[in-house]
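*Asks:* Below is the structure I would like to discuss, written out as structure tokens.
The values are calculated or read from the model by the stated rules, or taken from the named source; none is laboratory data. Predicted model, so just to flag it, every value in this text is computed and none were measured. Virtual Cβ from ideal backbone geometry, glycine too; neighbours counted across all protein chains shown.
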Amino acid sequence: MGKAWEYRNNLLYLEDVALDEVAERVGTPCYVYSSQAILSRYEAYDRSFGEVPHRICYAVKANSNLSVLGLLAKVGAGFDIVSGGELFRALRAGANPASIVFSGVGKTREEIEYALESGIHAFHCESEPELALIESLAARLNKQARVALRVNPDVDASTHPYISTGLKEHKFGIDIGEVEGVYDRARSLRHVRLEGVSCHIGSQLLNVDPLLESMDRMLALVERLRAAGLPIQSLDLGGGVGVPYQPGDPEPSIEEFIEKISQKAKGRNLMLMVEPGRSLVAEAGVLLSRVLYRKRNGAKDFIIVDAAMNDLIRPSLYQAHHEIIPVRRDERRGAVVADVVGPVCESGDFLARNRHLANVLPGDLVAICTAGAYGFVLSSNYNSRPRAAEVLVAGAQYKIARQRESYEDLIRGEQ
């Protein structure tokens with residue numbers, strides 16, 4: 001759907017806000033998100049389902065800022081959570097609890113009780129012991145818990161091994177060859193309603209074929225379960241499509257993907273659910289950073305910026321590529337090949353290696369692109385660095401969605 005940022009007179013804008021103005025007011029490093037980009041992507045998912053019954057549950061783990069969650073809650077989004085903390089955030093942001101699904105392989109007793117008391121839509125259950133615990137807690141609270149078993153369809157997502165979740169060797173879900181027996185044994189549970197099936201094979205899929213193969217396997221499973229007398233009403237296919245992080249990456253079409261799965265579901269009397277996260281928020285965000293120093297070691301050039309691996313760990317953790325562009329463009333300076341690194345005392349603290357990029361100088365601002373997903377949520381206080389501020393843009397206006405942490409924040413709760 002294209003980038004959320006653009007140059008105007010060689011100055012970088014997000015919607016109608018000049019990013020140098022945000023940096024001057026809020027400081028750096030700082031995450032900045034476009035409301036319009038998030039909402040337009042959500043609407044693309046919603047619109048493309050047409051008349052097919054559906055629910056779009058935003059994956060909170062991608063970006064859990066309250067302002068982002070609130071933006072989506074206002075347009076009727078559901079939410080996919082993986083912890084009690086994410087449930088708290090979603091509810092605080094105004095989410096309808098009946099639109100929330102609770103995924104995750106290690107739900108605690110306290111988290112399940114919290115979700116039951118909050119009245120969430122359903123649990124995506126990943127094992128028989130978890131199913132037994134949900135039954136026990138629901139009985140004690142005199143509640144009925146809707147449950148969809150998460151199925152591991154044994155489909156290779158062909159993505160980074162850390163974010164691939166759909167093979168037998170992964171910790172997620174129940175093997176598709178065993179799941180019918182689990183459903184059958186669960187018939188006797190009095191406080192669990194087995195109304196759905198779910199799966200999730202991984203994220204950052206630039207080819208939707210594995211998702212479509214997974215859906216075919218899941219539809220066949222639904223038919224077998226219905227034939228056995230189970231009232232399966234919903235099918236959750238997990239995450240959405242991937243996003244292009246660098247020039248030349250394919251850009252899967254949200255509309256084409258949803259239209260394909262909708263066609264497969266027609267006439268089956270199924271509620272279709274998807275859990276997009278990255279594809280809603282990744283391209284909507286940038287991380288602003290200021291150049292501190294230029295350094296040369298032998299033949300190696302380094303650009304040292306004030307953002308670090310504690311602010312954006314994806315390059316170190318996943319060897320992920322993020323385009324790094326100047327906030328104020330000056331093509332007269334030419335380009336340089338350099339490592340872009342931060343102040344953290346680790347050799348793994350890099351944002352780019354051997355990157356061909358603009359010849360930025362100390363004091364210049366840069367934007368680290370496609371940083372709206374798995375950016376701030378994975379940040380830490382390593383090296384006792386306060387976490388970055390977050391800003392939400394809407395048209396020509398912007399607001400601080402999260403204050404920058406202070407040194408006092410670093411020691412809150414310690415003695």
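*Asks:* List, please: which pairs have Cβ atoms under 6 Å, are six or more places apart or on different chains, and start with a residue in segment 3-19 that is over 14 Å from Ala396 (Cβ atoms) and end with one that is polar (S, T, N, Q)?
*Replies:* Ala4/Ser34
*Asks:* Right, Val22: over 30 Å from Gln263 (Cβ atoms), surrounded by 17 or more Cβ atoms within 10 Å (Cβ to Cβ) and touching a residue at least 24 places away in the same chain (Cβ under 8 Å) or not?
*Replies:* Details: over 30 Å from Gln263 (Cβ atoms): yes; surrounded by 17 or more Cβ atoms within 10 Å (Cβ to Cβ): yes; touching a residue at least 24 places away in the same chain (Cβ under 8 Å): yes.
So Val22 passes the test.
*Asks:* Of the residues that sit in segment 204-214 and are hydrophobic (A, V, I, L, M, F, W, C) and in a loop (DSSP other than H, G, I, E, B), which one is nearest to the chain's Cα centre (by Cα)?
*Replies:* Initial filter on segment 204-214 (hydrophobic (A, V, I, L, M, F, W, C)): 205-206, 208, 211-212.
Checking the rest, the ones that are also in a loop (DSSP other than H, G, I, E, B) come to 205-206, 208.
Numbers: Leu205: 13, Leu206: 15, Val208: 17 Å.
Taking the candidates together, the pick is Leu205.
*Asks:* If you don't mind, there's one more thing I want to ask. Considering each residue of segment 178-203, count those that are small (Gly, Ala, Ser) and part of a helix (DSSP H, G or I), and give that number. Even if it seems obvious, please write down each step before you answer.
*Replies:* If we filter segment 178-203 for residues that are small (Gly, Ala, Ser), which is where we start, we get 181, 186, 188, 196, 198, 202-203.
Going one step further and asking which of them are part of a helix (DSSP H, G or I), we end up with 181, 186, 188.
So the count comes out to 3.
*Asks:* Here is a list of conditions, (1) buried (at least 17 other Cβ atoms within 10 Å of the Cβ); (2) under 21 Å from Ala23 (Cα atoms); (3) charged (D, E, K, R), and Arg314 meets all of them except one; can you say which number that is?
*Replies:* Among (1) buried (at least 17 other Cβ atoms within 10 Å of the Cβ); (2) under 21 Å from Ala23 (Cα atoms); (3) charged (D, E, K, R), Arg314 violates only (2).
*Asks:* I'd like to know if segment 56-74 contains one or more residues that are closer than 30 Å to Gly267 by Cα and free of Cβ contacts under 8 Å to residues at least 24 places away in the same chain. Show your work before the answer.
*Replies:* Step one: of segment 56-74, the residues closer than 30 Å to Gly267 by Cα are 56-59, 72-73.
Filter again for free of Cβ contacts under 8 Å to residues at least 24 places away in the same chain, leaving 73.
Looking through segment 56-74, at least one residue is closer than 30 Å to Gly267 by Cα and free of Cβ contacts under 8 Å to residues at least 24 places away in the same chain.
*Asks:* Then there's this: Kindly provide the set of residues from segment 399-414 that are in contact (Cβ under 8 Å) with a residue 60 or more places away in the chain and in a loop (DSSP other than H, G, I, E, B), ordered by number. Give the derivation first.
*Replies:* The initial filter retains those residues of segment 399-414 that are in contact (Cβ under 8 Å) with a residue 60 or more places away in the chain, namely 399-402, 404.
Correct list: Arg404 only.
*Asks:* Right, next: Could you identify the single residue in Val391, Val377 that is in a strand (DSSP E or B), assigned by TED's automatic domain parsing to the domain that holds Ala23 and touching a residue at least 60 places away in the same chain (Cβ under 8 Å)?
*Replies:* Values: Val377 fails: in a strand (DSSP E or B).
Unique residue meeting the criteria: Val391.
*Asks:* Still on this structure: What number of residues in segment 129-152 are within 25 Å of Leu219 (Cβ to Cβ) and without any contact (Cβ under 8 Å) to a residue 12 or more places away in the chain? If you could, list the steps in order and put the result at the bottom.
*Replies:* From segment 129-152, those within 25 Å of Leu219 (Cβ to Cβ) are 130-131, 145-152; that's our starting set.
Now drop any that are not without any contact (Cβ under 8 Å) to a residue 12 or more places away in the chain, which leaves none.
Of the residues in that region, 0 qualify.
*Asks:* If you don't mind, another one. Given (1) touching a strand residue (DSSP E or B) at 6+ places or on another chain (Cβ under 6 Å); (2) assigned by TED's automatic domain parsing to the domain that holds Ile324, where does Asp80 come up short, assuming only one miss?
*Replies:* For Asp80, the exception is condition (2).
*Asks:* Let me ask something additional. Do we find that Gly363 is surrounded by 18 or more Cβ atoms within 10 Å (Cβ to Cβ), at pLDDT 95 or above, part of a loop (DSSP other than H, G, I, E, B) and assigned by TED's automatic domain parsing to the domain that holds Gly27 in this structure? Even if it seems obvious, please write down each step before you answer.
*Replies:* Numbers: surrounded by 18 or more Cβ atoms within 10 Å (Cβ to Cβ): no; at pLDDT 95 or above: yes; part of a loop (DSSP other than H, G, I, E, B): yes; assigned by TED's automatic domain parsing to the domain that holds Gly27: yes.
In short, no.
*Asks:* If a residue has to be free of Cβ contacts under 8 Å to residues at least 40 places away in the same chain, assigned to a loop (DSSP other than H, G, I, E, B) and not polar (S, T, N, Q) to count, how many in segment 343-360 make the cut?
*Replies:* Within segment 343-360, residues that are free of Cβ contacts under 8 Å to residues at least 40 places away in the same chain, assigned to a loop (DSSP other than H, G, I, E, B) and not polar (S, T, N, Q) number 3.
*Asks:* Could you name every one of the strands (runs of 3 or more DSSP E) located completely within segment 215-330 that has at least 2 residues being more than 18 Å from Arg55 (Cα to Cα)?
*Replies:* Values: elements: 234-236, 271-274, 285-297, 300-305, 324-326.
By residue number, 285-297, 300-305, 324-326.
*Asks:* Filter segment 36-63 for residues that are of a type in the set (S, T, N, Q) and surrounded by fewer than 22 Cβ atoms within 10 Å (Cβ to Cβ) and give the result. It would help to see each step written out before you state the result.
*Replies:* Filtering segment 36-63 down to residues of a type in the set (S, T, N, Q) leaves 36, 40, 48, 63.
Gln36, Ser40, Ser48 - these are the residues of segment 36-63 that are of a type in the set (S, T, N, Q) and surrounded by fewer than 22 Cβ atoms within 10 Å (Cβ to Cβ).
*Asks:* So, one more: Would you say Tyr382 is modelled with pLDDT of 95 or more, touching a strand residue (DSSP E or B) at 6+ places or on another chain (Cβ under 8 Å) and not assigned by TED's automatic domain parsing to the domain that holds Val82?
*Replies:* No.
*Asks:* Hey, can you tell me all the residues within segment 332-345 that are at pLDDT 95 or above and among the charged types (D, E, K, R)?
*Replies:* Of everything in segment 332-345, just one residue is at pLDDT 95 or above and among the charged types (D, E, K, R), namely Asp339.
*Asks:* Continuing with this model, one more query. Show the residue pairs meeting these rules: Cβ distance below 8 Å; 6+ apart or different chains; first residue within segment 178-190 and assigned by TED's automatic domain parsing to the domain that holds Leu230; second residue part of a loop (DSSP other than H, G, I, E, B).
*Replies:* Glu180/Ala228; Tyr183/Ala228; Tyr183/Leu230; Asp184/Ala228; Arg187/Leu230
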